[in-house]
Amino acid sequence: MLVHTWKVFWDLQCPYSRKNWQRLPKIRERFEPEYDFSIHLTSLVFHRQAFPGQCAAKLIEQKKGPEARLTFIDACYKDQPVFMKGAVGDSRPSEIDAIFAGIAKDAGLFDNIFTEGVFLSMVNDWDTVVKPAWEEHKEALAYGVFGAPKHVIDEVLVPNTESDWGVEEWEKIMTELEGTEDLVGSC
């Protein structure tokens, strides 16, 4: 059986991405036999805390692996209110970094080697963290992802996706897209 790709692009500060995060387990359960899902982060320009969160996720992935990155993303969506504009106001970047360190700590992602101090000392390192996070953001832009959440199926952006689409809506969309090469690639 040919497995198709399904890339999901989220912004950690986006409430609509959070809705999609809540719905994704059931969507994956339904479509995972045919589709290989992957999660990608991007950051919308008006979400000031999204890119620092994306950098934190990239650092955690580098130090602890892809599963730890997903654990961190889950923790960010669970705790999203703590880094929204209303909660942080005009906080300094170091205060935002400390919020993400706290989320990682509460998620059990630190140990004797990868500590909160190591996290805080590395999260803004250009070569190891910021540049790779920026590359991930540029990947989203290359697909035409200028909002969130967005879905790229078989390397093509699915237009007008909605955050609160559940399994039923996706089944309808996938049926409509079947055989439509310009929307889903060569299925």
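What follows draws every value from the coordinates through simple rules; no lab data is involved. Computed from a predicted model, the values in this text were never measured in an experiment. Positions of Cβ are generated from backbone atoms using ideal geometry, with glycine treated the same way; all protein chains shown enter the neighbour counts.
Annotations for the structure displayed:
- Some residue of segment 64-71 being free of Cβ contacts under 8 Å to residues at least 12 places away in the same chain and not in a loop (DSSP other than H, G, I, E, B): yes
- Residue among TRP126, TRP134 that alone is of a type in the set (Phe, Trp, Tyr) and surrounded by fewer than 15 Cβ atoms within 10 Å (Cβ to Cβ): TRP126
- The sole residue among HIS40, HIS47 that is in a loop (DSSP other than H, G, I, E, B) and surrounded by fewer than 23 Cβ atoms within 10 Å (Cβ to Cβ) is HIS47.
- Residue in segment 24-44 that is within 17 Å of PHE146 (Cα to Cα) and touching a Leu at 6+ places or on another chain (Cβ under 6 Å) present: no
- ASN112 being part of a loop (DSSP other than H, G, I, E, B) and out of contact with any helix residue (DSSP H, G or I) (no Cβ under 9 Å at 6 or more places or on another chain): yes
- All of (1) in contact with a helix residue (DSSP H, G or I) (Cβ under 6 Å, 6 or more places away or on another chain); (2) part of a helix (DSSP H, G or I); (3) surrounded by 15 or more Cβ atoms within 10 Å (Cβ to Cβ) hold for ARG23 with one exception: (1).
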